[in-house]
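Below is one structure, written out as C-alpha cells, with a few remarks after it.
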Amino acid sequence: MASLSGISSRTPLALFFFFCCCCCFAATASAQLSSSFYNASCPNALPIIQSAVKAAVAKERRMGASLLRLHFHDCFVQGCDGSVLLDDTSSFTGEKTAGPNNNSLRGFDVVDAIKSKLESACNQVVSCADILAVAARDSVVALGGPSWTVQLGRRDSTTASFSSANSDIPRPDFNLTDLISAFSNKGLATTDMVALSGAHTVGQARCTTFRARIYNDASTPTAFDTCYYRNLLSNKGLLHSDQQLHGGGSTDSQVSSYAANSAKFFGDFASAMVKMGSISPLTGSSGEIRTNCRKTN
C-alpha cells in the first residue's frame with residue numbers, strides 16, 4: 001500500500017489518506033453531507049464531471065489514478081476541503097510543493113477544466129472539494145473498478161497546510177504499525193487502510209520511492225483490479241509500505257481474501273472511499289465555494 005507520499009499516479013493508498021479527525025467526528029461530519037445536495041442547485045453537476053473524467057481517462061489512462069490520488073491527498077490534510085488545489089500565495093505556502101506532492105501530484109488541469117464547465121452551468125455552486133470526490137469515483141469506474149454513491153456538500157478551505165501535508169500523508173517507507181497509526185489518526189480502521197491501499201493497483205510511482213524494489217512493477221497499471229494484492233502474495237509489492245500489508249502480520253488474511261475475491265475488494269474499497277471522503281468536511285457557512293480551484297475568492 002504505497003504511501004501517497006512521493007508517488008506519482010500510482011501512489012500507494014497512502015496516497016490517499018490525509019485527514020485530521022477522530023472517528024466520531026468523521027461520523028458526525030458525514031451526516032451533514034448528502035448524495036442529493038446538488039439536485040436542485042446544479043442538476044447537471046455530476047454528469048458534467050463524469051463526462052470530463054471519461055474524456056481525460058480516454059486520452060490518458062494514467063489520469064484516472066492521478067485524479068484518484070488527488071482526492072486522497074486532499075482528505076489527509078485538513079480533511080476533504082480542496083486545500084491540495086491551492087497555489088502558493090504571499091500569505092501561505094500551499095501543499096503542492098510538500099514532499100509527498102512535489103513533482104508527483106498531477107491532474108490539476110483536468111480539475112480546472114471541470115470547474116470551468118461547472119461555473120458556466122451554475123456559478124459558484126459546486127465546490128472544488130466535491131469535484132475531487134466525484135472525479136475520484138468516476139476515475140475508478142472508468143478504469144474498470146466499482147462505483148459508489150458520493151456524499152456531497154463539502155465547501156472549500158481558504159487555507160492550506162504545507163506542514164500537515166509533510167507530516168500526515170503516509171510515506172512509502174512506512175511499516176505496518178506506521179500505516180495503521182496514520183489511518184487511525186484520520187478515523188480510518190485498519191481494514192479501511194488495506195482496502196484503500198488497493199488503489200495502488202493503478203498508476204505509476206516515482207523511482208525514488210521504490211529503488212530498493214526496482215524489479216517489482218505493477219502488472220496492470222491502467223486497470224482497477226486485484227493484481228495489487230496478488231503481487232503482495234508473491235512478495236512483489238512495488239513499495240516497501242505496500243509489501244508491509246502481507247508478510248506475517250495482522251493484515252495477511254485480508255490481503256489473501258482480496259486476492260481471491262474481487263467482489264469483496266470492490267465492495268470494501270467503495271465503502272472505505274465513502275468513509276475517507278467524509279473526513280472533516282467544511283459544511284454550512286464554513287469555508288467558501290471557490291470560483292477558481294487554484295485560489296481563494
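Summary of computed values
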{"read-out": "Selection count, the range 152-179, where residues are small (Gly, Ala, Ser) and surrounded by fewer than 24 Cβ atoms within 10 Å (Cβ to Cβ)", "value": "5"}
{"read-out": "Any chance Gly198 is closer than 22 Å to Val77 by Cβ and at pLDDT below 85", "value": "no"}
{"read-out": "Close pairs (6 angstrom Cβ cut-off, 6 or more residues apart or separate chains): farther than 10 Å from Asp138 by Cβ and open to solvent by less than 10 Å² (accessible area, probe 1.4 Å) in the range 41-69, part of a helix (DSSP H, G or I) and not hydrophobic (A, V, I, L, M, F, W, C) anywhere", "value": "none"}
{"read-out": "Residue within the range 275-290 that is assigned to a helix (DSSP H, G or I), in contact (Cβ under 8 Å) with a residue 12 or more places away in the chain and open to solvent by less than 30 Å² (accessible area, probe 1.4 Å) present", "value": "yes"}
{"read-out": "Subset tally (residues that are closer than 14 Å to Val53 by Cα, open to solvent by 40 Å² or more (accessible area, probe 1.4 Å) and in contact (Cβ under 8 Å) with a residue 60 or more places away in the chain) for the range 107-135", "value": "3"}
{"read-out": "From the options Ala58, Ala65, residue that is under 18 Å from Gly144 (Cβ atoms), modelled with pLDDT under 95 and either small (Gly, Ala, Ser) or assigned to a helix (DSSP H, G or I) (or both)", "value": "Ala65"}
{"read-out": "Any chance Asn235 is surrounded by 15 or more Cβ atoms within 10 Å (Cβ to Cβ) and modelled with pLDDT under 95", "value": "no"}
{"read-out": "Residue tally, condition of a type in the set (A, V, I, L, M, F, W, C) and in contact with a Phe, Trp or Tyr (Cβ under 7 Å, 6 or more places away or on another chain), over the range 235-272", "value": "6"}
{"read-out": "The range 46-98, subset β-branched (Val, Ile, Thr) and out of contact with any Cys (no Cβ under 8 Å at 6 or more places or on another chain), residue farthest from Asp168 (Cα to Cα)", "value": "Ile48"}
{"read-out": "Residues of the range 70-97 classified as open to solvent by less than 60 Å² (accessible area, probe 1.4 Å) and modelled with pLDDT under 95, total", "value": "1"}
{"read-out": "Index of the failed condition, Ala272 passing every other in (1) part of a helix (DSSP H, G or I); (2) of a type outside the set (D, E, K, R); (3) open to solvent by 30 Å² or more (accessible area, probe 1.4 Å)", "value": "(3)"}
{"read-out": "Elements of type helices (runs of 4 or more DSSP H) contained in the range 98-190, each with 2 or more residues being modelled with pLDDT of 95 or more and more than 28 Å from Phe266 (Cα to Cα)", "value": "108-121, 162-168"}
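The values are calculated or read from the model by the stated rules, or taken from the named source; none is laboratory data. In this text the structure is predicted, and so the values were computed from the model without any measurement. Cβ sites come from the backbone with ideal geometry, for glycine too, and all protein chains shown count toward neighbours. With ligands, DNA and RNA removed, areas are computed over all heavy atoms of the protein, side chains included. Shrake-Rupley method; radii C 1.70, N 1.55, O 1.52, S 1.80 Å.
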